[in-house]
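Asks: Next up is a structure, given as structure tokens.
None of the figures in this text is laboratory data; all of them are computed from the coordinates on show. Since this is a predicted model, take the numbers as computed values, not measurements. Every residue, glycine among them, receives a Cβ derived from its backbone with ideal geometry; neighbour counts consider all protein chains shown.
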Amino acid sequence: MNNIMKPTACKILEVIKESIHEYTFKVAVDMKIEHGQFLQLSIPKIGEAPISVSNFGDGWMDFTIRSVGKVTDEIFRKEAGDTLFLRGAYGKGWPVEQFKDKHMVIITGGTGLAPVKSILNLFYDQPDYVKSVTLIAGFKNEDSIIFKGDLDRWKEKFTTYYTLDKDQKEGWNTGFVTEFVSKVDFEKFGDDYEVVLVGPPPMMKFTGLEAVKCGVPDEKIWVSFERKMSCAVGKCGHCRIDEVYVCLDGPVFNYTQAKYLVD
Amino acid sequence: MGYVISFEEANKIFADLQDEYEIWAPKRFVGMGRYSDTDLIKYDKVSTVEEIEYMDKSDFPAKEVLTPISESMFYFTEDEFIESKATNKKLLIFMRPCDIHAQHHQERIYLQNGGYADMYYKRMNEKVKIVMMECTVGWDTCYCISMGANKTEDYSMAVRFEDGQLRMDVKDEVFAPYFEEKEEISFQPEYVEKNQLTLDIPEIPNKEVLTKLKNHPMWQEYNKRCISCGACTIACSTCTCFTTTDIIYNENSNVGERKRTSASCQIKGFSDMAGGMSFRNTAGDRMRYKVLHKFHDYKERFKDYHMCVGCGRCIDRCPEFISIVAAVNKMSKAVDEIVAEENK
């Protein structure tokens, strides 16, 4: 009998240290994946945790992980050549077909940049995919900046606002991402744009409200949720909010639905 | 086909059945209750009719036979995953109509939700044959009629317990051979027709009313009353939530297992994430989450019925005497208030 809870052993190809608490693990996998989906990563005898895919290509996936718990702390001890156990991919990701030929506004808080990295790269590598990209990326402080090389690279082709919450940094802004939403000229985009928000729940809440204040209609806003999960397949109940299961119906939700969800 | 058999004849049938089946039924454990001098009634394997507690309601539901409170999923030797094994026998389970209805909720989550079937549930569920225990009176915490769960035809056999004998309706052909030469009678089981409790489940007309209901002061009552022990959800026949945990054996750190354990949305920490983010930090919030799941959200998702069978075990088990019936009736009043306010 097929056991959906049983993971597959996968080899770590490379470990990239993004910051003190965030590492990217490049893993050899042959599973199918869509932008914005996640997998269950596990280490036998330690546990299992849902992790979003920050980038992927033929035969590999990147997982950008924050060492904040029992499982992730143990994953941080792994090196290239070691094994991680994976099952997935799960959930509904970014509606990339709907993003085609639109102006994209992407707003992220902290590691919220990880679940959108693959679409940012898609837009970077295929310049005709979307009309334009505006990226507002905020971090708590200089130590928590991830994907430094990518941020520099994206600057070449995208309109970017990189900001630290309170600290000063040369070439960077200071302030929360919410303060930069009004700098985007949504009117100029006409009806032809979509907004993506990812970050900690308070950041998404206030950025969503700010976008609506700037005249963005609910149906143009997309968010990605992160919740506790044990199963990732709609059984364990931990990620349920109202009538939705984040693992099945998300993690990506349209704001028309997301704004009503109360944990 | 109906039969009447003595306990002695029934025990012979039980003995024959046990070559192929494990027989599970509510059983009384004298002196094992949570308070001194009280008994515990829970599901266990039985081999005689006399072991079955058919007079009183079981404290815990039949779901435990298929999904035990704690269950091993994988055994680990270094990093090898070895699946746990299930019993080789089929399962014959004695259940009241409410518990039978509850199995449909269990199946919906474990086998259907999201299009994924859980192997651990499936391999047990495929083995199950049901003996419906006739239930005609109920208890003072029952409200099965309000939930439409007092009647069912979903059984292989039905049984009425009488003094020293059983009246049985044997529907499933596979059990006919066990009843050859037994006294045939005309027998149809009867059902509860009236409960002491009735439930007034509100129709929530739209998302705005729902949002106002979530923020209604009625939930704050539970901040004082609910101690967040989770007794209600463990006793619930329809709750399915679990948490998986890995353990390392003390004797040898290269060996361990992944197990899953019943979880409760009423206990603080149910939604805690690594990194410190948590949701529903008050007992009132958690009560709101549970009550709305059972009497709104579940039906909103699956469209047909609410996630409750009215067994009343949550009311029986609550050490603070919180009644879900009272909570739902209060919710109904709150919805009326909100709707009236909107129509002003």
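Asks: Using only the Cα atoms of segment A:96-258, what are the Rg and Dmax in Å?
Replies: In order Rg, Dmax, the Cα atoms of segment A:96-258 give 15.8, 48 Å.
Asks: Report, by chain and number, residues whose modeled amide H sits under 5 Å from the one on B:ALA274, excluding near sequence neighbours (fewer than 5 apart, same chain).
Replies: Under 5 Å from the amide H of B:ALA274: no residue qualifies.
Asks: Compute the angle between helix A:201-213 and the longest alpha-carbon principal axis of chain A, please, reported from 0 to 90 degrees and rounded to the nearest 10.
Replies: 30
Asks: A further question follows. When you count, for each residue, the other Cβ atoms within 10 Å and take the mean per peptide, how do B:235-242, A:167-174 rank with the highest first?
Replies: Details: B:235-242: 25.2, A:167-174: 11.6.
The most tightly packed comes first, giving B:235-242, A:167-174.
Asks: How big, on average over all directions, is the shadow cast by the Cα convex hull of segment B:76-184, in nm²?
Replies: On the way: hull surface 44.5 nm².
For the Cα atoms of segment B:76-184, the hull's average projected area reads 11.1 nm².
Asks: Tell me, rounded to the nearest percent, the portion of alpha carbon pairs in segment A:8-90 spaced more than 19 Å apart. Before the final figure, lay out the partial values.
Replies: Working: 884 of 3403 pairs.
Tail of the P(r) past 19 Å holds 26 percent of the pairs.
Asks: Here's another thing I want to ask about it. What is the spread of the Cα atoms of segment A:106-170 along each of their three principal axes, largest first, in whole Å?
Replies: Cα extents, longest axis first: 36, 22, 18 Å.
Asks: Same structure again: For chain B, what is the charge dipole size about the Cα centre, in debye to the nearest 20, if Lys and Arg each add +1 at the Cβ and Asp and Glu each add -1 at the Cβ?
Replies: On the way: 45 positive and 57 negative charges, 338 e Å.
I would put it at about 1620 debye.
Asks: Taking chain A as a Gaussian network, where each spring joins two C-alpha atoms under 10 Å apart, which residue of A:LYS78, A:LYS188, A:LYS235 fluctuates the most?
Replies: Maximum fluctuation in the GNM of chain A, among the listed residues, is at A:LYS188.
Asks: Which whole-Hz couplings ³J(HN,Hα) result when phi for each residue of segment A:189-194 is put into the Karplus expression 6.51 cos²θ - 1.76 cosθ + 1.60, θ = phi - 60°, listed in order with x for Gly and Pro?
Replies: Taking θ as phi minus 60°, the curve returns 6, x, 9, 9, 8, 9 Hz for segment A:189-194.
Asks: Let me ask another. First measure r as the distance between the Cβ atoms of B:GLU181 and B:ILE82, then evaluate 1/(1 + (r/R0)^6) with R0 = 60 Å and state the FRET efficiency to the nearest 0.05. Please list the in-between numbers first.
Replies: On the way: r = 47 Å, r/R0 = 0.78.
So the FRET efficiency works out to roughly 0.80.
Asks: Just to verify a number: FRET efficiency for B:ILE267 and A:LYS169, C-beta to C-beta distance, R0 = 51 Å, to 0.05? Could the numbers behind the result be given before it?
Replies: Details: r = 43 Å, r/R0 = 0.84.
So, using R0 = 51 Å, E works out to roughly 0.75.
Asks: Taking beta carbons within 10 Å but only from partner chains, what does the mean come to for residues B:274-281?
Replies: Working: counts 11, 9, 2, 7, 2, 6, 2, 1.
That works out to 5 on average.
Asks: Rounded to the nearest 20 debye, what is the charge dipole size of segment A:96-258 about its Cα centre when +1 sits on each Lys and Arg Cβ and -1 on each Asp and Glu Cβ? Please report the intermediate quantities before stating the final value.
Replies: Numbers: 20 positive and 25 negative charges, 79 e Å.
The calculation lands at about 380 debye.
Asks: To one decimal place, what Kirkwood hydrodynamic radius in Å is obtained for chain B from all pairs of distinct Cα atoms?
Replies: On the way: mean 1/r = 0.0453 Å⁻¹.
Here the Kirkwood hydrodynamic radius works out to 22.1 Å.
Asks: Something else about it: Past the 30 angstrom mark, what percentage of all C-alpha to C-alpha distances in the protein assembly as shown do you count?
Replies: Details: 109341 of 183921 pairs.
I get 59 percent for the Cα pairs in the protein assembly as shown exceeding 30 Å.
Asks: Follow-up. Hey, what's the Cα Rg ratio for segment A:144-188 versus the globular rule of thumb, 2.2 N^0.38 Å?
Replies: Taking N as the residue count of segment A:144-188, the ratio is 1.24.
Asks: In a Gaussian network model over chain B where Cα atoms closer than 10 Å are linked, find which of B:LEU66, B:LEU91, B:LEU40 has the largest mean-square fluctuation.
Replies: With Cα springs under 10 Å in chain B, the top fluctuation among B:LEU66, B:LEU91, B:LEU40 is at B:LEU40.
Asks: All other residues with a Cβ under 15 Å from the Cβ of A:TYR90 taken together, and with Lys, Arg as +1 and Asp, Glu as -1, what is their net charge? Provide the component values of the computation, followed by the final result.
Replies: Numbers: positive: A:LYS6, A:LYS32, A:ARG87, A:LYS92, A:ARG227, A:LYS228, A:LYS235, A:ARG240; negative: A:GLU34, A:GLU48, A:GLU226, A:ASP249, B:ASP118.
With Lys, Arg at +1 and Asp, Glu at -1, the net is +3.
Asks: Rank these for me by crowding, B:MET95, A:MET104, B:MET277, going from fewest to most other beta carbons within 10 Å. Display every interim value, and only then the final one.
Replies: Values: B:MET95 29, A:MET104 22, B:MET277 15.
Taking fewest neighbouring Cβ atoms as first place, the list is B:MET277, A:MET104, B:MET95.
Asks: Let's test the formula: R0 of 35 Å, r as the Cβ-Cβ distance of A:LYS183 and A:LYS17. What FRET efficiency results, to the nearest 0.05? Display every interim value, and only then the final one.
Replies: Values: r = 32 Å, r/R0 = 0.92.
With R0 = 35 Å, the Cβ-Cβ based efficiency is 0.65.
Asks: Cross-link list A:LYS102/A:LYS183; A:LYS188/B:LYS344; A:LYS6/B:LYS89: which exceed 30 angstrom alpha carbon to alpha carbon? Don't skip to the end; give the middle numbers.
Replies: Numbers: A:LYS102/A:LYS183 18 Å; A:LYS188/B:LYS344 41 Å; A:LYS6/B:LYS89 24 Å.
Too far apart for the 30 Å limit: A:LYS188/B:LYS344.
Asks: Pop out the Kirkwood hydrodynamic radius of segment B:1-84 from its pairwise C-alpha distances, inverse of mean 1/r, in Å to one decimal.
Replies: Evaluated over segment B:1-84, this radius sits at 15.5 Å.
Asks: Apply the Karplus curve 6.51 cos²θ - 1.76 cosθ + 1.60, θ = phi - 60°, to the phi angles in segment B:15-32 and return the couplings in whole Hz, x for Gly and Pro.
Replies: Listing the rounded values in order: 4, 5, 4, 5, 5, 10, 10, 8, 9, 10, 7, x, 9, 8, 10, 5, x, 9 Hz.
Asks: What whole-number volume per residue, in cubic angstrom, does the convex hull of the C-alpha atoms of segment A:191-261 give?
Replies: Values: hull volume 5.6 nm³, N = 71.
In segment A:191-261, the Cα hull volume divided by residue count equals 79 Å³.
Asks: Show that you can apply the helix-only estimate: for chain A, add -39,500 (n - 2.57) for every DSSP H stretch of four or more residues, divide by all residues, and state [θ] at 222 nm to the nearest 500. Intermediate results must be reported in sequence, preceding the final value.
Replies: Details: 8 runs with 57 residues, N = 263.
One gets -5500 deg cm²/dmol as the mean residue ellipticity at 222 nm.
Asks: For segment B:246-260, what does the Karplus curve 6.51 cos²θ - 1.76 cosθ + 1.60, with θ = phi - 60°, yield as ³J(HN,Hα) per residue in whole Hz, taken in order and with x for Gly and Pro?
Replies: Once rounded to whole Hz, the list reads 9, 10, 10, 5, 4, 6, 7, 6, 7, 10, x, 8, 10, 10, 10.
Asks: Taking each residue in B:114-122, count the Cβ atoms of any other chain within 10 Å of its Cβ, then average. What number comes out? Don't skip to the answer; put the middle values down first.
Replies: On the way: counts 11, 3, 11, 6, 8, 6, 5, 1, 3.
Whole-number average of other-chain Cβ neighbours for B:114-122 is 6.
Asks: Let me ask something else about it. List the residues, sorted by chain then number, that are 5 or more residues from A:LEU164 or on another chain and whose placed amide H is less than 5 Å from its amide H.
Replies: A:PHE139, A:ASN173, A:THR174, A:GLY175
Asks: How are the C-alpha pair distances of segment B:232-273 spread across 5 Å bins, as whole percents from the shortest bin up?
Replies: That works out to 6, 20, 21, 18, 13, 12, 9, 2, in percent per bin.
Asks: List every residue whose amide H lies under 5 Å from the amide H of B:ASP200, counting only residues 5 or more places away in sequence or on a different chain, with H placed 1.01 Å from N in the peptide plane.
Replies: Answer set, sorted by chain and number: B:ASN329.
Asks: To the nearest 500 deg cm²/dmol, what mean residue ellipticity at 222 nm is calculated for chain B from DSSP H runs of n ≥ 4 alone, each contributing -39,500 (n - 2.57), summed and divided by the residues? Walk me through the numbers on the way to the answer.
Replies: Details: 11 runs with 91 residues, N = 344.
One gets -7000 deg cm²/dmol as the mean residue ellipticity at 222 nm.
Asks: Cα extents of segment B:40-137 along the three principal axes, largest first, in whole Å?
Replies: For segment B:40-137, the Cα spread along each principal axis is 52, 31, 22 Å.
Asks: Now for a different question. Give the order of A:THR72, A:THR111 when sorted by the count of other beta carbons within 10 angstrom, beginning with the fewest. Working shown, then result.
Replies: Numbers: A:THR72 23, A:THR111 26.
By the 10 Å Cβ count, ascending: A:THR72, A:THR111.
Asks: Rounding to the nearest 20 debye, state how big the charge dipole of the protein assembly as shown is about its Cα centre with +1 on each Lys and Arg Cβ and -1 on each Asp and Glu Cβ. Walk me through the numbers before you get to the answer.
Replies: Details: 78 positive and 95 negative charges, 309 e Å.
Dipole magnitude for the protein assembly as shown comes out near 1480 debye.
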